[in-house]
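These notes are about the structure you will find just below.
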Amino acid sequence: MNESDIPQVSAAVKAAFAPIMKAIDAARAQLSETAGVVTVRPGYKYPPEGKPVPAIVVAVTPGTAPVQDTKLEGEFGVPCTVIDATVEEQVAAARKQPVSFGTPGGSMVSAFEQMIGGVGALDFAPPKSGSYKPPSPPDLPLVDEKMELTICVSPEAGWGELETFLGATKETLTVAMYQFTAPHIFKAIEQAVSPAGRKLELILHPVPEKPAKSGVKANDLNEEADVIEPLETEMKRRFEQTWATLVSKKNPDGLFASAYHIKVAVRDSSAVWLSSGNWQSSNQPDVHPFADNPDELPAGFQRKYNRDYHAIINNDKLASIYEFYIKRDFELSAAQAGEDVSFAQPDSLAADVEVFVPIEAEEAEEFAKPKQLFPPLRLNRKVSVQPLLTPDNYAENALKLIQSAKESVWFQNQYINFRGTDDDFTEFKLLVGALKKKIDAGVEVRVICRDLMKQESLDVLIGLDFPKEVFRFQPACHNKTIIVDGKIVMFGSHNWSNEGVKTNRDASLIFDDQEIAAYLAKVYDYDWNNLATAHPATARPRVAREGEPTPPGFKRVPLSDVEDDGEG
């Protein structure tokens, strides 16, 4: 590894921010007692045309206007921009505690400010790594064999294919899942495993999501009361369930840093389903547009339901690999957690956060025209597949994949999210640096992130000299994909954050197969040209205070209704 492989802030960027850093203390002092101002940090102002401009960023309570950027610019003599505070910033400011980039005392010192030299490196929550150790020897070999394979995408085709996969169960289902609340998936699981002699083994992320009150998950279930308890009652000893363990004060030896974020199911030790999408209605909407009338899809279908990618593979070797790892996770977690669910959980949770969002009118027209739905790709031949897991082997294989690009790298993920600047996360910095080096070498790089990605995360990348033009932002973007040269594709559950690429539990696959890559490249190109926009969303949800009445024109919902699957 060369020092040039790690992305660095240039002297020119630091010089451009010198006036901002000189003025920011005065801005913070003046605005510290202004009602509605959540935090003040350095960052960029994004004009409608032209390059981003170094600025003082004033994040305010969404829906309020306590200050105006033009007036602030006159007072402080530097560019200023007023934006909605993220939920994360609002929670950190209200609780006076670290959420992702707060100091132990609670003040908001952003990763961007650390990066340009405003303060020294800080520790950040949640904890950096878990106690998980890969098996010795590891068992994640390249599989280059004949297999029956289905590749499909949500929101249009994910559930129909998963339904078929579950319905073919004869003996066992072994499942590792981040969230499991969709009623139609629960019903399919119940039907698949209820016959005598069939078994279900389930390991879950240990933070059950609060049931939604509205939106696309309004009818989803309570994970403990409506999923686990009925299965225990009906199946008794044929059902085994445990919670993955995460690092916390109560359990410093938890296996994973902050999330058991995997989405994998193995059927009858011979077939595997692997996805970027949880078993929730936002990821697997209960629709069958290729069997029914596609014009009857819910309003706002492509904007409200998540874009996810899925693979279903009938192959004994791949199935045995993932079944081994899931069962090992189950045994290690069960040995730690026992019956105490709280022992499995991290210290800082956002599970109790509720937010106000505007009540939306039903959409009169489609979000994107022309609307295009993608039927599944089905293959039955030899395919080269590299199984990936974090913490085991993702980072090094993802890095090799990006470095191999000669013509193009098309990247799609919820976010690229720096959380502190700790040197322990060299792998993540190398991945971001590899993308930047491809841009510098003239390789075509496209980056699609979710429209709710934090502006501060974009600021970090702009500060590392990423051109603004390579980024677009897509509502409901939830897949995690890299397509190289239109010939090789990787997808799965790996979000791009310090912990997402290294210390949480995630699963992905690399297909060295031009037909699969070409199929998903068509989906990507459609998203880039039709669903994604040039800027992140400007309006953000506002955190609801305890006992606060719901304002007219708004609804009060769990955070999970808005920021789906936002770990890491």
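Derivation of every value follows stated rules applied to the coordinates shown; laboratory data play no part. Please read these numbers as outputs of a predicted model, since none were measured by experiment. Glycine also receives a Cβ, built like all others from the backbone with ideal geometry; neighbour counts cover every protein chain displayed.
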Legend entry - Paramagnetic reach from Arg328 (point 7 Å along Cα→Cβ, amide N under 13 Å) across the stretch 133-157: 133-141
Legend entry - Distance from the stretch 32-72 to the stretch 430-466 (C-alpha centre basis), Å: 23 Å
Legend entry - Whole-Hz couplings from phi, Karplus 6.51/-1.76/1.60, listed for the stretch 245-260; x for Gly and Pro: 9, 10, 5, 7, 4, 5, 9, x, 9, x, 5, 10, 5, 9, 7, 9
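So in the stretch 385-531, what percent of DSSP beta bridges are antiparallel if you round to the nearest 5? Walk me through the intermediate numbers first.
Working: 20 of 31 bridges.
Roughly 65 percent of the DSSP beta bridges within the stretch 385-531 come out antiparallel.
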Legend entry - Charge dipole (debye, nearest 20) of the stretch 3-115; +1 at Cβ of Lys and Arg, -1 at Cβ of Asp and Glu: 160 debye
Inset, instruction - Enumerate the amide H contacts of Ser493 below 5 Å, restricted to partners 5 or more residues apart or on another chain; note that Pro and chain-start residues carry no placed amide H. - result: Ala507, Ser508
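Among Lys263/Lys371; Lys263/Lys317; Lys199/Lys263; Lys317/Lys429; Lys304/Lys555, which pairs are too far apart, with a Cα-Cα distance over 21 Å?
Long pairs (Cα-Cα over 21 Å): Lys263/Lys371; Lys317/Lys429.
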Legend entry - Cα long-axis angle, helix 316-337 against the chain (0 to 90 degrees, to the nearest 10): 70 degrees
Legend entry - Within the chain, percent of DSSP bridges classed antiparallel, to nearest 5: 70 percent
Inset, instruction - Please count, across the stretch 3-115, the pairs of lysine residues with Cα atoms under 23 Å apart that sit 8 or more places apart or on different chains. - result: 8
Legend entry - 12 Å Cα-Cα reach of Lys369 towards aspartates and glutamates, excluding residues that sit fewer than 8 places from it in its own chain: Asp527
Inset, instruction - Express the relative contact order of the chain as a whole percentage, based on alpha carbon pairs under 8 Å and six or more residues apart in sequence. - result: 19 percent
Legend entry - Fraction of alpha-carbon pairs over 48 Å apart in the chain - percent: 8 percent
